[in-house]
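Have a look at the structure below, then the notes.
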Amino acid sequence: MGREPPALVRVALGISYHGGHYQGWQSQPSGQTVQDQLEKALSRFANHRVSTLCAGRTDAGVHGLMQVVHFDTPLDRPEAAWVRGPNALLPRDIAVQWARVVPRAFHCRASATSRRYVYVVLQSPVRPSLDQGRVGWVYRPLQIDLMQQAAQQLIGEHDFTSFRASACQALSPVKNMLRIGISRRGAYWRFEFEANAFLHHMIRNIMGCLLYIGEQRQPVEWMQQVMQARDRDAAAPTFSPDGLYFLGPRYDPQWGLPEDSLLLDGLP
């Protein structure tokens, strides 16, 4: 009789990263993606090939405060070891924040109830220097009341085709926008987005429109016209990925996973 294969353990990790040096999250032949770097470190640590799935892919230049991944392994190791071990092998701009052993029914993407992003934008007549790559930039004054009125038109379930990249592979353009929060602290603006899911470039395209309205280059009602057009050409240009952070997914409390990253406190 042959030996039975060892039982597999499912491990979930919370990952943070600076996206400036990588070609986005998803693995590429170049190997210069966050997923490639993470899987290389995990495979070395586990001494077997590790393949990960993530809660939400991010573009080149987009940062992650709490990307969630999961993978299966025959190894039975303490959760803390899955933090310390890979971190000793990862580049300095990628780090495992936490690890949890989860039931096999857990799926980092399918189990997520929503996903959250935040844009940090510097309003200044001078371009960023110390914050280069970590903040977006506008040099015209922004009107918060106009942007908040426009944002409210996006709340709820809508067809977001006008904010969808041509390369988007989502099966449906209909998404449920749960919340958009806009606030200012000194010269820095925060735009927080939460939805059940997002289309490729959806937030960057919405940002372009919100900033056009905030700069009074378009009226508030233009946002509704753009959405109803269901045509990408009707919207503003795609905003830079600089200053865009994936805050992470939300899960049902039954999974016992952290909801927020301490790194959020460090954003302007």
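Here, each number is a calculation from the coordinates, and none is a lab measurement. Quick caveat: nothing in here was measured; it's all calculated off a predicted structure. FYI the Cβ positions are ideal-geometry reconstructions off the backbone, even for glycines, and counts take in every protein chain you see.
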Of those in segment 1-17 that are surrounded by fewer than 18 Cβ atoms within 10 Å (Cβ to Cβ) and out of contact with any Pro (no Cβ under 9 Å at 6 or more places or on another chain), the residue farthest from W98 (Cα to Cα) is M1
Out of segment 234-268, which residues are surrounded by fewer than 14 Cβ atoms within 10 Å (Cβ to Cβ) and over 25 Å from S114 (Cα atoms)? P237
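Residues are listed down the side, and each one gets a yes or a no for (1) in contact (Cβ under 8 Å) with a residue 24 or more places away in the chain; (2) under 25 Å from the mean Cα position of the chain (by Cα); (3) assigned to a loop (DSSP other than H, G, I, E, B); (4) under 29 Å from Y117 (Cβ atoms):
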{"site": "G20", "(1), (2), (3), (4)": "yes, yes, no, yes"}
{"site": "P29", "(1), (2), (3), (4)": "no, yes, yes, yes"}
{"site": "F45", "(1), (2), (3), (4)": "yes, no, no, no"}
{"site": "R49", "(1), (2), (3), (4)": "no, no, yes, no"}
{"site": "D59", "(1), (2), (3), (4)": "yes, yes, yes, yes"}
{"site": "L65", "(1), (2), (3), (4)": "yes, yes, no, yes"}
